[in-house]
Each structure stands twice: as C-alpha cells, then as structure tokens.
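Colleague: Shown below is the structure under consideration.
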Amino acid sequence: MVVRIIIVGCGKIGSTILESLTEEGHDVTAIDNDPDVIEELTNIHDVMGVCGNGTDCEILSEARVQDAEMFCAVTSSDEVNMLSCYLARKMGAKHTIARIRNPEYSLNSLGFLRQQLDLSMAINPEQLAAREMFNILKLPSAVKIETFSVRNFEIIELILKDGSALTGVKLMDLRNKFKAKFLICVVRRGEKVYIPDGHFVLLPGDKIGLTAEPSEIQKLMRALGIDKKQAKSVMILGGSRIAFYLSKMLLAAGNSVKIIERDENKCNEISDSLDKAMIIHGDGAQQELLVEEGLDSIDAFVSLTGMDEENILISIFAAAHGVPTVISKVNRNELAALATKLGLDCVISPKEIVSDVLVQYARALENSRGSNVETLYNIMDGKAEVLEFNVREDFKFIGIKLKDLRFNPGILIAGIIRDRKPIIPTGDDVIMKRDKVIILAADQRLNDLSDIIR
C-alpha cells in the first residue's frame with residue numbers, strides 16, 4: 001500500500017531517505033531550498049519536487065501537506081526541522097519526524113519538545129551511528145550487530161578468515177561441533193547472497209549473518225577462538241558529533257578515550273563537555289602523530305573526520321599497525337564498497353542507518369492495512385533484509401509445524417521470541433499468537449508475515 005510522504009531537506013541524509021522510500025514504492029514529495037537539488041532529484045527519481053522553505057505555509061500547501069501520512073524534516077537545522085514539523089502537523093500531516101541532533105537537547109527536553117510539537121519521532125543520525133559503533137566495540141569480532149525489540153536476541157555479521165573453524169563444514173554439522181545455540185541464516189559470497197540450507201559449506205572470505213542470544217554468541221566466539229577482548233582503549237579521529245556521543249557511551253562504560261582534532265576551538269568545546277576524555281589538538285592525517293599518541297598500543301581506532309577518503313586511508317594505516325578493531329565512517333556508497341574491497345571490515349554510514357529507521361516507520365504505517373513490521377534492518381551491504389513481525393490472532397498458520405509449511409524462495413525464519421525468550425527454530429517448532437518472529441528475506445520486500453508462505 002502506498003504511503004504519501006514529504007521530505008524537507010535533501011542533503012546527504014534526505015536524498016538517501018528519499019531514494020529508499022521511492023524504492024519501496026511510496027508517493028514521495030521533496031522540498032528543498034536549492035533549485036539544482038530539486039531538479040536533480042526529480043530527474044533521477046519518480047518524485048514530485050517543490051523548491052522553497054519547509055517553514056513556509058504556502059510551500060507546504062503546494063506540496064499537499066494536508067494529505068501527507070508521513071512528514072520528515074531533515075535539514076541541517078534542528079530548529080527549522082522542529083518548526084516545519086509543527087506547521088505540517090497543524091496543517092494536517094498525520095505523522096511528523098524531525099532530525100534533532102544537537103547534544104544540548106537532553107532526553108528530558110527532547111521529550112518535552114516532542115510532546116509540545118506533537119512529533120511522532122525525533123531522529124539523531126549521529127547518535128544512532130555512535131550506538132552502532134559502541135555495540136561493535138563491545139563485540140569487536142563482529143562487523144555489524146543488530147538488536148531486536150527484547151534486546152536479548154541479535155543478528156551479527158562476521159567475515160570468515162582463513163583457517164576459521166566454521167569453514168569447510170556443512171551447516172548441518174556445525175550444531176554438533178559447537179555447543180552454542182545459533183543459526184547461520186545468510187551468507188554473502190562475492191556479489192551473491194545465499195539463504196543456506198544444511199548442506200551449505202562455508203568458505204574463507206564469506207560474510208555470514210548469524211542469529212543467537214548475546215550469551216550464545218559469546219560462547220560461540222570463544223569456541224572459535226575469535227573472542228577479541230572488548231575495546232578498553234579507543235582512539236577517535238575527528239571531534240564530530242558522532243565522536244561526542246560515542247565518547248560519552250565509552251566513558252560511561254569505563255573505557256579510556258583519546259580524541260584527535262585539528263580545530264583548536266572544537267578541541268576546547270569537546271574538552272569542556274567530556275572532562276574524562278583526553279583531547280589532542282593536531283592533524284590526525286599526519287601518521288607520525290598517531291604513532292606518537294600510542295596507535296600501536298590501543299584496542300580500537302575510529303575514524304570520524306568529515307572526509308570519507310581520509311577516513312578510509314587513515315583506517316587502512318591503523319589496520320596495518322595491528323590495531324585489533326578499526327571502524328571507519330563512510331557516507332558515499334561507492335567509497336564504502338571500495339573501503340570493503342581494500343580490507344576494511346567495519347564501515348558505518350549514518351545516512352543508511354537513518355534510512356533503515358524511516359523505511360521501517362513507513363512500513364509500520366501500513367500495519368493497520370494488514371502489515372505488522374516492528375523492526376527492520378538492511379544487512380549484507382543492503383542485499384538482504386531482516387524483519388521482526390508481531391504475530392496476530394488472524395495469522396492463518398498458527399500452530400503448524402514449520403516443516404509442514406511451504407515458504408517462498410529467499411525466505412528463512414531466523415528466530416522466534418516467545419514470552420521474551422528467544423528460540424532458534426527447527427522444523428518441529430510452531431508459530432504461536434503473540435510471538436515475535438524474525439524473518440530473513442533476500443531480494444524481496446515483505447509487509448506482512450503471510451508474505452513468507454506460498
């Protein structure tokens with residue numbers, strides 16, 4: 001079912017959201033001050049474009065804001081986004097989402113603003129990216145970690161190295177070989193993505209998606225001998241907002257943090273806000289400085305400058321110096337693919353994280369029309385999706401053993417959560433009402449749990 005969506009602000013974040021939502025088949029209108037941006041977007045995508053200010057009632061009327069089911073304001077100004085959403089709500093938009101990223105807004109003040117402005121959601125790309133990086137630093141053997149609603153079930157991505165105990169063994173034999181309860185539910189080999197069966201044999205270089213409880217993942221990592229210790233000493237390059245949020249999380253968890261920033265004013269600001277972090281004023285692109293500041297002895301290096309190319313090159317340098325965990329922020333898709341080919345396992349894109357959140361929200365708006373998506377993540381570099389569905393009473397296949405159901409190709413049930421307890425499903429398991437079911441789908445879009453059955 002098509003959702004009418006308006007996006008205000010079509011920079012890096014806005015254009016990525018727009019692309020994802022048009023691919024979903026929604027009716028999207030773009031509003032931006034720059035006529036060249038509007039012209040480019042309307043030439044490339046099947047969208048309506050309106051050139052103007054998102055806080056101008058006439059511009060909002062021209063974009064038919066009164067018919068919008070979802071209104072997203074993601075300009076570079078928090079205040080413009082909040083005002084735009086406030087006006088849109090007053091003019092009839094049903095759901096409003098504002099990008100609010102200033103660290104000065106505390107949780108309490110954000111809650112108050114959301115209530116007063118009648119916002120459906122406030123999103124902070126930098127905080128979301130920092131959270132993803134923090135999760136990886138807690139489990140540094142993984143290159144991506146996604147958590148489901150009960151927070152005791154995860155899907156992680158790993159890249160298999162030469163000599164890995166998982167390679168050369170049929171998947172059906174892995175459960176006997178390792179005592180941990182886990183499921184390898186998706187494999188990317190080169191450009192192809194596989195939903196593997198029990199006869200599938202893993203090879204070095206495969207990127208695998210694995211579902212389990214966090215404790216079972218730790219148990220498996222120990223058995224594989226790849227349970228890198230959690231990063232305790234972290235060096236961050238670039239004093240960005242992401243660096244601020246990530247540092248706060250790391251310091252609260254008892255880690256030591258060193259931030260290198262070339263702008264002296266920014267150094268002073270960060271120093272005032274993060275009194276327990278060590279702030280170094282210097283150019284991190286100078287390799288001698290990184291070595292002088294202890295690159296060879298840290299547990300993790302995170303490159304967060306404003307330039308993708310610089311992040312990639314310095315991350316490669318850090319990896320060459322034997323830093324156990326290296327994370328690089330790369331926004332441009334073509335450079336993210338290049339970074340992976342150059343051997344950087346962990347590349348984070350804030351705009352892609354936000355895009356996932358809003359695609360999930362748009363599908364959730366279809367819930368009343370038969371859909372019941374609660375969580376959605378893109379995995380395997382965007383080549384597969386993992387979704388969490390709530391099972392409703394009207395689901396037709398309740399109580400039937402999974403081995404007796406005929407699933408569509410490219411579909412796998414990766415987990416069932418019942419009464420907050422995760423289940424790694426076998427053919428003898430059944431789906432019950434009020435379960436949460438984790439579905440992995442390759443090369444297809446699911447709106448409803450029934451879509452998985454032939």
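Colleague: So if I take the centroid of the Cα atoms in segment 186-218 and the same for segment 98-152, what is the distance between those two points in Å?
Modeller: That distance is 28 Å.
Colleague: Determine the order of 365, 295, 83 by accessible area, beginning with the largest, at a probe radius of 1.4 Å. Could the numbers behind the result be given before it?
Modeller: Working: 365 30, 295 0, 83 80 Å².
So the residues, ranked largest to smallest area, are 83, 365, 295.
Colleague: A follow-up question, please. Count charges around residue 315 for me, please; just the other residues with Cβ under 12 Å from its Cβ, Lys/Arg as +1, Asp/Glu as -1.
Modeller: Numbers: positive: 329; negative: 308, 309, 310, 345.
Cβ neighbours under 12 Å give a net charge of -3.
Colleague: Still on this structure, please answer the following. Hey, quick one: spin label on residue 272, modelled 7 Å out along Cα-Cβ, who in segment 89-112 has an amide N within reach, i.e. under 14 Å?
Modeller: Taking a point 7 Å out along Cα→Cβ of residue 272, the residues of segment 89-112 whose backbone N falls under 14 Å are 103-104.
Colleague: Between residue 116 and residue 292, what is the spin-label point distance in nm, taking each point 7 Å from the Cα along the Cα→C-beta axis?
Modeller: Each label point lies 7 Å from its Cα, and together they span 4.7 nm.
Colleague: Using the alpha carbons of the chain, what is the convex hull volume per residue in cubic angstrom, as a whole number? Spell out each step's value before the answer.
Modeller: On the way: hull volume 68.3 nm³, N = 454.
Hull volume over Cα atoms, normalised by residue count, gives 150 Å³.
Colleague: Sticking with this structure for a sec: Any idea what the relative contact order of the chain is, in percent, if you count C-alpha pairs under 8 Å spaced at least 6 apart?
Modeller: On the way: 930 pairs, mean separation 52.6, N = 454.
Computed value for the chain: 12 percent relative contact order.
Colleague: For residue 189 and residue 428, FRET efficiency with R0 = 30 Å and r from the beta-carbon atoms, rounded to 0.05?
Modeller: Values: r = 30 Å, r/R0 = 0.99.
Plugging the Cβ-Cβ distance into 1/(1 + (r/R0)^6) gives 0.50.
Colleague: Hey, can you rank 324-332, 355-363 by average C-beta count inside 10 Å, highest first?
Modeller: Numbers: 324-332: 22.9, 355-363: 21.3.
The densest-packed peptide leads the list: 324-332, 355-363.
Colleague: Distance check, please: which entries in 161/351; 161/383; 219/341; 144/401; 228/421 exceed 25 angstrom between their Cα atoms? Mind dumping the intermediate values first?
Modeller: Values: 161/351 29 Å; 161/383 21 Å; 219/341 30 Å; 144/401 31 Å; 228/421 27 Å.
Over 25 Å apart, Cα to Cα: 161/351; 219/341; 144/401; 228/421.
Colleague: Once you have all Cα-Cα distances for segment 46-129, histogram them in 10 Å bins from zero and send the whole-percent values.
Modeller: Percent of pairs per bin, in order: 18, 52, 25, 5.
Colleague: Could you please report the charge total around residue 80, scoring K, R as +1 and D, E as -1 over all other residues with beta-carbon less than 13 angstrom from its beta-carbon?
Modeller: So the surrounding residues net to -2.
Colleague: Between residue 222 and residue 39, what is the label-to-label distance in nm when each label sits 7 Å out along the Cα-to-Cβ direction?
Modeller: Result for the modelled spin labels: 6.3 nm.
Colleague: With a 1.4 Å probe and all protein chains kept in place, how much accessible area does residue 264 have, in Å² rounded to the nearest 10?
Modeller: Accessible area, nearest 10 Å²: 110 Å².
Colleague: Along each of the three principal axes of the Cα atoms of segment 348-425, give the extent in whole Å, ordering the values from largest to smallest.
Modeller: Principal extents (Cα only, largest first): 40, 28, 27 Å.
Colleague: Now, a different point. Which of the three applies to segment 1-141, rounded, prolate or oblate, going by the alpha-carbon gyration tensor with a ≥ b ≥ c and a/c under 1.5 meaning rounded?
Modeller: Taking the square roots of the gyration eigenvalues as a ≥ b ≥ c, segment 1-141 is oblate.
Colleague: Let me know the Rg and Dmax you get for segment 168-323 when you use only its Cα atoms, in Å.
Modeller: Cα radius of gyration and Dmax of segment 168-323 are 19.7, 59 Å respectively.
Colleague: Another question, then. In Å and on Cα atoms, what radius of gyration and Dmax does segment 6-72 show?
Modeller: 10.6, 28
Colleague: Of all beta bridges DSSP finds with both residues in the chain, what is the antiparallel percent, to the nearest 5?
Modeller: Working: 43 of 82 bridges.
So the antiparallel bridges in the chain amount to around 50 percent.
Colleague: Sticking with this structure for a sec: Quote to one decimal, in nm, the extra length available between residue 200 and residue 167 on full extension: 0.36 nm per residue of separation minus the C-alpha distance between them. Walk me through the intermediate numbers first.
Modeller: Details: separation 33, 0.36 × 33 = 11.88 nm, distance 1.03 nm.
Value of the extension gain: 10.8 nm.
Colleague: Can you tell me the length gained on complete extension of the stretch residue 79 to residue 62, counting 0.36 nm per residue apart and subtracting the Cα distance? Intermediate results must be reported in sequence, preceding the final value.
Modeller: Working: separation 17, 0.36 × 17 = 6.12 nm, distance 2.19 nm.
Taking residue 79 through residue 62 to full extension adds about 3.9 nm, to one decimal.
Colleague: Translational diffusion coefficient of segment 100-200 at 37 °C, 0.692 mPa s, Stokes-Einstein with Kirkwood Rh over Cα pairs, in µm²/s as a whole number. The partial results should precede the final answer.
Modeller: Numbers: Rh = 17.2 Å.
In µm²/s, the coefficient is 191.
Colleague: In Å, the Kirkwood hydrodynamic radius of segment 106-154 over pairs of distinct alpha carbons?
Modeller: Radius from the Kirkwood sum: 12.9 Å.
Colleague: Let me ask something else. Taking the Cβ of residue 181 as the center, what net charge do the other residues with Cβ under 10 Å away carry, scoring Lys and Arg +1 and Asp and Glu -1? Can you show the working numbers first?
Modeller: On the way: positive: 175, 179, 219; negative: 213, 216.
Neighbour charge sum, excluding residue 181 itself: +1.
Colleague: Now a separate question. If packing is taken as the mean number of other Cβ atoms within 10 Å per residue, what is the order of 401-408, 21-28, 38-45, 434-441, highest first?
Modeller: Values: 401-408: 11.9, 21-28: 18.9, 38-45: 15.0, 434-441: 20.8.
Highest to lowest by the protection proxy: 434-441, 21-28, 38-45, 401-408.
Colleague: Write down the accessible area per residue of the chain in Å², having rolled a 1.4 Å probe over the full set of protein chains. Display every interim value, and only then the final one.
Modeller: Numbers: 20350 Å² over 454 residues.
Heavy-atom accessible area per residue stands at 45 Å².
Colleague: Would you check the accessible area of residue 89, probe 1.4 Å, heavy atoms only, in square angstrom rounded to 10?
Modeller: 80
Colleague: I need the P(r) histogram for segment 268-403: all alpha carbon pairs, bin width 5 Å from 0 out to the longest distance, whole percents.
Modeller: 2, 8, 14, 14, 13, 12, 9, 8, 7, 5, 4, 2, 1
Colleague: Quick check: at a probe of 1.4 Å, how many percent of the accessible area of the chain sits on carbon and sulfur atoms? Mind showing how you got there, number by number?
Modeller: Working: 9810 of 20350 Å².
That fraction is 48 percent.
The values are calculated or read from the model by the stated rules, or taken from the named source; none is laboratory data. Keep in mind that what you see is a predicted model, and the values were worked out from it rather than measured. Every residue, glycine among them, receives a Cβ derived from its backbone with ideal geometry; neighbour counts consider all protein chains shown. Surface accessibility is based on the protein's heavy atoms, side chains included, excluding ligands, DNA and RNA. Shrake-Rupley method; radii C 1.70, N 1.55, O 1.52, S 1.80 Å.
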